[in-house]
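Here's the structure, in structure tokens; my notes come after.
Rule-based calculations on the coordinates, nothing more; no lab input. Since the structure is predicted, the reported quantities are computational estimates derived from the model, not experimental observations. We place every Cβ from the backbone using ideal geometry, glycine too, and count neighbours over all the protein chains shown.
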Amino acid sequence: MVRTALISVLFSSFAVAALAKVPPSRPNVILMLSDDQGWGDVDYPEKLSPGNVYPGHPQLKTPSLRAMAEGGLKFNRMYAASSRCSPTRASFITGRGPRRNDVDNAYDGGMKNLELTVAELAKTQGYMTGHFGKWHLGDLDKAAERGGGEFAHCPGADGEWAPRGCQGTTGGQFYSAPWHHGYDRSFVTPQAVPTFEPMRRDPAGPLPSEGNFHGGHYFTGHEESVDIDSPDLAGDDSAIVIRETIRLIDDAVAAKRPFLAVVWFHTPHVPVRLHQKTLDIFYSAAEQAQIDDRAKTLYSQLTAMDHEIGRLRAHLRSIGIEGETLLSFTSDNGAGPSQSRGTATPGTPLWDNATGGLRGRKGALWEGGVRVPGLIEWPGHIAPGETDTAMITHDYLPTLMDIWGLEMPDARPLDGESMTEVIFGDRSTRRAGRIEFEHCGDPSPERGADEPEDCDSAGRGRGGGLTKVGGGRSIIDDSYKLITNSHGRTWELYDLIEDPREAAAVATSANIASKPQEIQRIFASLREELTTWFEVEAAASRDGADYDTRIASAERVEILGDKDDDTVPDDLSAAGRNTPAGRAELVVERQFATLEEDLKVDSDGAAATYDESHPPSGASIAAGTVVHSYLFHYNPTAATKLEGARITFDDEILGVSVGLRTLPGSDFLAFANPNFGGAGERRTSVAAGDDSWKILEDRRTIVIDLKGGGVNAGGHEDADQLRIVTKAALQRVDLGDG
């Protein structure tokens, strides 16, 4: 863990000079991510390889990021987990490669309920948590169109979203929101919105509700979104995101709690819009005259985002917590469409500067598609400097766990590594393992002999039909990179130290037999490890092998939402439920959910029988408890009667909720936005004859009997439901212990 690692290096002269003491175990944490910002889209120098330095963008101004680079640690080889948006974001908050959590492409799936996120872990450490800006890991409203409202998410010729019908789809295909994954506060969009006046189609036009709505809402919670005409959504989008971040910070400081803020900017993803005020402040008239309109638009928004990062850093200083706050910055993938047209210096395409001369762009596994800016700052605890050690977005979670002194509460594998030794100690420390990448989208129209079919679905939700097959894979170690853009039909090996721009392959699958033995060994080793990771290790994770429902056994009960069935019923009302009559179901809802307030339940986990003669007396589960939740529900008819549904959990039962007295109050533990129906449709009455549940002496087993066939005042058959809450293996630390 970090304390052991740091103590071991404190005796080195470097560490003694850099650090006055072992860093606190629960710093405030702000994790920032830009959208489509290339490795070269910064104005500070970065090292391509030893002796080969990119001096920084010749025209773009990012003074705040430069200040972070000078005051903190700069990663010259920072990698996004994917060359596309959503897979990187999935890795960012889970510490697991996108292949494991089945998020292959941009908006091609939602974050699963059984994934464990950095926010859920942070809450067990007493943190107040928030997610701000873009989400892109699931729909936020089942009723909304995928792009949000009037426009679907598909770019038109001018980089703006095209009108409805351009391949847009309805939302809710994979409803999964930040508030389901450990975030106390959300101010998020499901996908991209314009970088300036994010609600308006014409940024200078009338109110969005007056026929000028661009599409795409900001959501703050379950079925809660900000009024599209609200002045809170006017102006620069990065300023909106930082404003909400600062509100969380101030509230956490007032509550004397550490905070985790995950800040995902929309800049510079299309639609990117001119921010003339920023341009006029930071760029002289002579400088503006040297660049075309496309470059002006891009620079104005990147500089505006940088300015807001500066405002955030200044706020931390103004309230005196900069020394208590770890701040990081990176991008979700390489340079994107906003840099695809226009020129910077005469004759130089925006692409060239955005990538820093690296090969490839967003959507490619070449360095230009996955190598991104990487900065970490923690005044007084992280010594200024740089490192050539590779870091990737799924290193954030294990690094924070190391700082927190926290072990994973289950056996699920992580792909990220703790970078604490590099951050706080020896900057030359190398990774223990290699880094694997994948991209769905083989340019060839035909599938190779060994090309998997799971990438075929990468086009779902974008017009239907097979839009992609197979794709690319690559693997990187300290020096070498093996890459295929055809899922194994052909391979190329590059030396990233001697050739960081990937101009000439050291070997290919066509000529490897003629290469020196050492090159042949490296080629074979990388290929074998990459194949094993994808086809064995990650494939097992993808099939659910890592997920533990914490259910030891279940008799006469169908389990939903587990590793073999990630579906969760949309409609649990009596009128709308699609559960077969007479079948009992147990939905695996939330895991590792930290209760912010006392939770009222009907019975605690004491061994007892609860029926007509022994009604529950009421109880509560204390705030701060970390729980797993399950919803038992049953679709009875007059001819059905459930007897002896028996469930044994791995963990202690803390409480059971039934009926209107307690069930609605625990619905925040539900997943996938189910419709529970009206008041009369939710009842399991223990004073109605045969209904009962019994908790056995082991306090992990519950036996449920339901009579069925009852009809409520609304004329609907009983929709019997119980929420069962168990104790998680990981519990929240005492806020006063450190």
Problem set entry | Karplus (6.51, -1.76, 1.60) ³J(HN,Hα), θ = phi - 60°, over region 309-324, in Hz, Gly and Pro reported as x | 4, x, 5, 5, 5, 5, 5, 4, 5, 5, 9, x, 10, 4, x, 10
Problem set entry | Karplus 3J(HN,Hα) series, Hz, for region 26-31 with 6.51 cos²θ - 1.76 cosθ + 1.60 (x for Gly, Pro) | 9, x, 5, 9, 10, 10
Problem set entry | Estimated FRET transfer efficiency (A623, E535; beta-carbon r; R0 41 Å; 0.05) | 0.35
Seminar exercise, completed: Taking a ≥ b ≥ c as the square roots of the Cα gyration tensor eigenvalues, with a/c under 1.5 meaning rounded and otherwise prolate when a/b beats b/c or oblate if not, region 279-428 comes out oblate
Exercise. If you plug each phi of region 118-127 into the Karplus form 6.51 cos²θ - 1.76 cosθ + 1.60 with θ = phi - 60°, what whole-Hz ³J(HN,Hα) values come out, in order, with x for Gly and Pro?
Worked result: 4, 5, 5, 5, 4, 5, 5, 9, x, 6
Seminar exercise, completed: Here the FRET efficiency for H315 versus D543, based on Cβ atoms and R0 = 56 Å and rounded to 0.05, is 0.80
Exercise. What FRET efficiency comes out for the pair A432/S613, r = Cβ-Cβ distance, R0 = 56 Å, nearest 0.05?
Worked result: 0.40
Problem set entry | Under 5 Å, built H, 5+ apart or other chain: amide partners of D598 | A623
Seminar exercise, completed: Under 5 Å from the placed amide H of D611, counting only residues 5+ away or on other chains, we find none
Problem set entry | Given charges at Cβ of Lys, Arg, Asp, Glu: region 52-132 dipole, positive-most of P58, N76, V103 | P58
For this session: Return the long-range amide H neighbours of S331 (sequence gap of 5 or more, or a different chain), with a cut-off of under 5 Å between placed amide H atoms.
Result: S34
For this session: Pull out a ≥ b ≥ c, the square roots of the eigenvalues of the alpha-carbon gyration tensor of region 360-412, then state rounded if a/c is under 1.5, prolate if not and a/b is larger than b/c, and oblate in the remaining case.
Result: oblate
Seminar exercise, completed: In debye to the nearest 20, the charge dipole size for region 33-101, taken about the Cα centre with +1 at each Lys and Arg Cβ and -1 at each Asp and Glu Cβ, equals 400 debye
For this session: Rank F265, Q276, T245 by how far each Cα sits towards the positive end of the charge dipole of region 243-292 (+1 on Lys, Arg Cβ; -1 on Asp, Glu Cβ) and give me just the farthest.
Result: T245
Exercise. Between their Cα atoms, which of K74/K727; K61/K134; K142/K600; K47/K277; K123/K481; K47/K362 are more than 30 Å away from each other?
Worked result: K74/K727; K47/K277; K123/K481
Problem set entry | Those trypsin sites (Lys or Arg not before Pro) in region 575-630 that DSSP places in a loop and that have at most 13 other beta carbons within 10 Å | none
